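The values are calculated or read from the model by the stated rules, or taken from the named source; none is laboratory data. Treat the numbers as computed from the prediction; the structure is a model and nothing was measured. In this analysis, Cβ positions are derived from the backbone assuming ideal geometry, glycine residues included, and neighbour counts consider all displayed protein chains.
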Amino acid sequence: MSPPPDDAAETRDRPSDDDSGDAPGVDATTRYWIVRKAVEDALMNVFWTIVSLALAVALLWFGVIAAIGAVDGSLLMIPIAVALLGLAVVTFAVALEVPLPFVGD
């Protein structure tokens, strides 16, 4: 892509007499609610990402503890450790939006 010619940039940057800065047909109240909803969605995404990462850390921690317990010879701890570590990896991938193979597109 190439930048627009200089005369087009000057025309675009120069405000016109009827330009109020808003999209046509959008009043201040509607714009307020649109921005409020967008900010709320962004904050909820941040919150749930932190919750997902905390869950992944907890699963990883308990998976490591189960793996250490499996060293003592308990056969039940091996599948528990594998399951918890697998859940931790999946939770990290979902929280960080890493594409997983064989899932989705």
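Val90: surrounded by fewer than 16 Cβ atoms within 10 Å (Cβ to Cβ) and either over 14 Å from the mean Cα position of the chain (by Cα) or at pLDDT 85 or above (or both), yes or no?
Here the answer is yes, as Val90 does meet what is asked.
Between a residue in the range 34-50 that is surrounded by 10 or more Cβ atoms within 10 Å (Cβ to Cβ) and any residue that is part of a helix (DSSP H, G or I), which pairs come within a Cβ distance under 6 Å, given they are 6 or more apart or on different chains?
Thr49/Ala95
How many residues does the range 1-48 contain that are among the basic types (Lys, Arg) and at pLDDT 85 or above?
3
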